[in-house]
Amino acid sequence: AHRSRDIYEGCLYESVIFIGIIYVTMISNYSKLAESADIPLLRTTSLRSLNIVNNNSSPIKNRTESLNVPEHVVQKSGKVSTFLLIMVSVRPELFRVRECIRDTWYRGFNDSEDVIMRFAVGTKGKKQDVVTRLQNESEVHGDLVLMGHIEDHWITPTRKTLSMIAWAHENVDFKYFMKSEESTFVYVKNMISELRKRPTTDRLLYGKMQFKRKPIRKNSEWADPDWDLATTYLPFPLGGGYILSSDLVELLARKKDYLALHPNEDTAVASWVAAYHYERRDDKLWCVTPFNKDKKLEGKCEAFIIARFCYGLQGDELRKWFNILAKPL
């Protein structure tokens, strides 16, 4: 009986060893196959699947280096930490616009525990000379997020916005995320001051809200023929700029593969968060500043402003008006 038990235990031990060898071999072979075929492994971050790139057009490996931020705002996790992260969606060719923003409303705001600003730029399909110039610009200023999987075009804003949200969640530890655009003027100090008045920092969608707007079905760049969630859009913030709290950003980033990419990114964001319990805050301090054909202001804004949507301005016009709008009203 003792001998039979010894034989049984010996066979069981050898079987376990044999199975372990097979398992290790399989994992090793799979890793080699995945690397050769460029298949993302389970441990690969969402950044690799998004193909978001740094200055060298390769997947980001060092968050701190790619973000180019002071050491005192870097956490042990490798993420940078700030109160407000502003991401400006801007087209690749608008070099002057980015320089104008650096020189006007973001001037004097070095990346800090209060605010960090980044330009989100899609590079898919762009000529090599444009990409090279963007890489050089990024090396000089350290404030570009180059998205190699995004074709930067007005028909793909939703995909780009979702990629900005995913990048922000992956790379920065923030309280609030602001999606902004190339023609938006942000009063940074006022924005931070207004956000700090809140007793809590979670569950917030904040902007210039639109209510009971009906979708345009055809013959428009904003056409949305497939909208079927309701007869009107859900209340949504104008896409020129809005704020999401970090917890909502995390929810969207984690569910990004399941979210419907409606053609209009502002209505899409509203539909994504509709299922959650949050504060939807409408504020007249988010001012729409339309310009007529003579580049003259139409409409009035409140004296205390936190953001202006300067639709219709480009290039050197931005610098002229930004300098005017920066003055106290």
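The values are calculated or read from the model by the stated rules, or taken from the named source; none is laboratory data. What you see is a predicted model; the values in this text were computed from it and never measured. Cβ placement follows ideal geometry from the backbone for every residue including glycine, while neighbour counts extend to all protein chains displayed. All accessible areas refer to the heavy atoms of the entire protein, side chains included, with ligands and DNA or RNA removed. Shrake-Rupley method; radii C 1.70, N 1.55, O 1.52, S 1.80 Å.
Condition first: over 15 Å from the mean Cα position of the chain (by Cα) and open to solvent by less than 10 Å² (accessible area, probe 1.4 Å). Can you find one or more residues in region 149-160 that meet it? No: zero hits. Within region 120-145, track down each residue that is assigned to a strand (DSSP E or B) and touching a Phe, Trp or Tyr at 6+ places or on another chain (Cβ under 9 Å). Once the filter is applied, which keeps residues that are assigned to a strand (DSSP E or B) and touching a Phe, Trp or Tyr at 6+ places or on another chain (Cβ under 9 Å), region 120-145 yields A120, L144, V145. Of all residues in region 187-212, those that are at pLDDT 95 or above have Cβ atoms under 6 Å from Cβ atoms of residues that are open to solvent by 100 Å² or more (accessible area, probe 1.4 Å), 6 or more apart or on another chain, in L205/R280.
Being open to solvent by less than 10 Å² (accessible area, probe 1.4 Å) and either touching a Pro at 6+ places or on another chain (Cβ under 9 Å) or not in a strand (DSSP E or B) (or both) is the filter here, so list the residues in region 82-104 that pass it. Matches in region 82-104: V90, P92, V97, R98, C100, I101.
For region 250-258, the criterion of being under 15 Å from Y206 (Cβ atoms), open to solvent by less than 70 Å² (accessible area, probe 1.4 Å), among the charged types (D, E, K, R) and modelled with pLDDT of 90 or more is met by no residue. Scanning region 227-244 for residues that are in contact with a Pro (Cβ under 8 Å, 6 or more places away or on another chain) and without any contact (Cβ under 8 Å) to a residue 40 or more places away in the chain turns up T232, Y233.
Scanning region 315-329 for any residue that is at pLDDT 90 or above and under 27 Å from L205 (Cβ atoms) turns up nothing.
So, in region 171-213, of the ones that are part of a loop (DSSP other than H, G, I, E, B) and of a type in the set (S, T, N, Q), which residue ends up least open to solvent (accessible area, probe 1.4 Å)?
First, pick out the residues of region 171-213 that are part of a loop (DSSP other than H, G, I, E, B): 182-183, 187, 197-203, 211-213.
With the extra rule that they be of a type in the set (S, T, N, Q), the set shrinks to 183, 200-201.
Details: S183: 11, T200: 56, T201: 52 Å².
My answer is S183.
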